[in-house]
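Engineer: Have a look at this one before I ask anything.
The values are calculated or read from the model by the stated rules, or taken from the named source; none is laboratory data. Just so you know, these numbers come straight off a predicted model, no measurement behind them. Here the Cβ positions follow ideal geometry from the backbone for every residue, glycine too, while neighbour counts run over all protein chains shown.
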Amino acid sequence: MIVIESAAEMRAWSWARKKDGKTIGFVPTMGALHEGHLSLMRVAVRNNDVVVASIFVNPTQFAPTEDFNTYPRTFEADKAKCEACGVHAVYAPRASGMYPQGYATYVNVERITDRLCGKSRPHFFRGVATVVTKLFNAVLPDRAYFGQKDAQQCAVIRRMVRDLDFGIEIVERPTVREEDGLAMSSRNAYLSAEDRAKALALSKALEAAKDLVVSGERDPMRIIAAVRNRLDTIDIDYVELVDAEEITPLDKVEGNVLLAIAAWVGGTRLIDNIKLEVSRQ
Ligand code: AMP
């Protein structure tokens with residue numbers, strides 16, 4: 001496994017593989033790798049000739065008040081995990097190479113970034129769309145793998161790839177959870193034992209909402225209220241029930257439904273979601 005630090009070198013590596021007719025799978029990450037990330041790498045290794053994983057804590061998707069400086073950085077351990085998964089190249093660009101003095105170009109995906117995380121973190125998707133564009137231009141993947149854990153991010157990337165003609169297949173994979181249901185996240189490392197126990201309320205509330213839908217409930221307000229009830233010990237940022245592609249509110253729970261939560265547990269902002277396919281009456 002090779003570690004590559006510059007976009008020029010990354011592109012040259014990928015072109016050489018493409019010339020040999022090889023397909024390239026790509027898994028973008030911010031490092032502090034856990035089983036959620038590794039599940040994406042393993043499926044990428046199964047379905048492509050070569051696989052690149054990127055490790056880059058992207059400053060443009062953090063607001064000045066957020067955790068860019070304290071975000072966990074575990075590069076040596078991450079490299080070993082990538083290698084164990086069968087990844088062929090780790091792309092770990094430097095921030096100064098990605099955003100040199102005078103950097104001025106950003107990618108904005110409109111409308112589907114207005115709600116959920118886009119509303120509470122207005123800078124966030126501009127940073128994500130910009131860095132993913134730059135990573136795609138360096139790695140030149142045929143397929144790129146993202147986790148449903150960040151469902152709005154998946155919708156944003158799919159829309160960007162479609163709108164800007166990237167010609168890259170976006171593969172969304174299920175959320176990997178701890179045994180008790182907590183969605184794996186690099187930010188779980190911030191949680192105290194007490195917060196870790198409180199954080200379980202997110203996945204439990206989503207499961208309860210799913211049961212309500214399965215038993216026939218179709219009123220979004222009643223489902224949102226039930227979820228909020230179960231989150232009464234933590235500080236909710238949002239609970240929203242939206243169309244999973246357009247990220248717009250639903251009058252009725254039907255179609256491709258995304259139920260998404262963001263909440264503060266201690267000082268840590270956690271997100272989780274479920275998707276439900278509900279046939280239209
Ligand atoms: P991050 O390092 O948090 O930027 O995440 C990199 C990729 O891993 C994104 O596509 C995430 O959606 C995905 N990911 C993060 N946590 C999980 C998880 N628990 N299960 C599946 N994918 C995940």
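Engineer: Out of the residues in the stretch 160-194 that are out of contact with any helix residue (DSSP H, G or I) (no Cβ under 9 Å at 6 or more places or on another chain) and of a type outside the set (A, V, I, L, M), which is nearest to the ligand (Cβ to nearest atom)? Break it down into steps so the answer makes sense when it comes.
Structural biologist: Of the residues in the stretch 160-194, the ones out of contact with any helix residue (DSSP H, G or I) (no Cβ under 9 Å at 6 or more places or on another chain) are 162-163, 165, 179, 187, 189-190, 192-194.
Remaining after also requiring of a type outside the set (A, V, I, L, M): 162-163, 165, 179, 187, 190, 192, 194.
Details: Arg162: 18, Asp163: 19, Asp165: 22, Glu179: 13, Arg187: 8, Tyr190: 13, Ser192: 20, Glu194: 22 Å.
Step by step, filter the stretch 160-194, then rank; the result is Arg187.
Engineer: Pairs please, first residue from the stretch 164-193 and within 19 Å of Glu245 (Cα to Cα), second anywhere and of a type in the set (S, T, N, Q) and crowded, with 18+ Cβ neighbours inside 10 Å, Cβ atoms under 7 Å, 6+ apart in sequence or on different chains.
Structural biologist: Sorted first by the residue in the stretch 164-193, then by its partner, the pairs are Glu172/Gln148; Arg173/Ser39; Arg173/Gln148; Pro174/Gln148; Thr175/Gln148.
Engineer: Go through the stretch 229-267 and give me each residue that's assigned to a strand (DSSP E or B) and among the charged types (D, E, K, R). Give the steps one after another, and end with the answer.
Structural biologist: So in the stretch 229-267, the residues assigned to a strand (DSSP E or B) come out as 235-243, 249, 255-265.
Residues satisfying the conditions are Asp235, Asp237, Glu240, Asp243.
Engineer: Is it the case that the stretch 118-128 has a residue that's on the phi > 0 side of the Ramachandran plot, surrounded by fewer than 21 Cβ atoms within 10 Å (Cβ to Cβ), in a loop (DSSP other than H, G, I, E, B) and in contact (Cβ under 8 Å) with a residue 60 or more places away in the chain?
Structural biologist: No: zero hits.
Engineer: Identify all residues within the stretch 140-164 that are among the acidic types (Asp, Glu) and under 29 Å from Ala12 (Cβ atoms); write none if there are none.
Structural biologist: First, pick out the residues of the stretch 140-164 that are among the acidic types (Asp, Glu): 142, 150, 163.
Selection gives Asp142, Asp163.
Engineer: Hey, could you check the stretch 135-148 for residues that are surrounded by 21 or more Cβ atoms within 10 Å (Cβ to Cβ) and of a type outside the set (A, V, I, L, M, F, W, C) and say which is farthest from the ligand (Cβ to nearest atom)?
Structural biologist: Across the stretch 135-148, the extreme among qualifying residues is Pro141.
Engineer: Can I ask one more? Can Asp232 be described as over 30 Å from Met41 (Cβ atoms), modelled with pLDDT under 95 and away from the ligand (no atom under 16 Å from the Cβ)?
Structural biologist: Taking the combined requirement at face value, the residue satisfies it.
Engineer: Report, by residue number, each residue of the stretch 37-61 that is among the hydrophobic types (A, V, I, L, M, F, W, C) and within 13 Å of the ligand (Cβ to nearest atom).
Structural biologist: Result: Leu38, Leu40, Met41, Val43, Ala44, Ala53, Ile55, Phe56, Val57.
Engineer: Also: So Asn69 passes all but one of these: (1) in contact (Cβ under 8 Å) with a residue 12 or more places away in the chain; (2) more than 20 Å from Lys149 (Cβ to Cβ); (3) in a loop (DSSP other than H, G, I, E, B). Which condition number does it fail?
Structural biologist: (1)
Engineer: Turning to a different aspect of this structure: Can you tell me which residue within the stretch 129-164, out of those that are assigned to a helix (DSSP H, G or I) and of a type in the set (Gly, Ala, Ser), is farthest from the chain's Cα centre (by Cα)?
Structural biologist: Ala138
Engineer: In addition: Working only within the stretch 3-36, note down all residues that are without any contact (Cβ under 8 Å) to a residue 60 or more places away in the chain and of a type outside the set (A, V, I, L, M).
Structural biologist: Glu9, Arg17, Lys19, Asp20, Gly21, Lys22, Thr29
Engineer: When you scan the stretch 80-90, do you find a residue that is within 16 Å of the ligand (Cβ to nearest atom), of a type in the set (Gly, Ala, Ser) and more than 22 Å from His123 (Cα to Cα), even just one? Walk me through how you get there before you give the answer.
Structural biologist: So the first thing to find is which residues in the stretch 80-90 are within 16 Å of the ligand (Cβ to nearest atom), and the list is 81-82, 85, 87, 90.
Okay, now just the ones that are also of a type in the set (Gly, Ala, Ser), so none.
The answer is no, given that none of the residues of the stretch 80-90 is within 16 Å of the ligand (Cβ to nearest atom), of a type in the set (Gly, Ala, Ser) and more than 22 Å from His123 (Cα to Cα).
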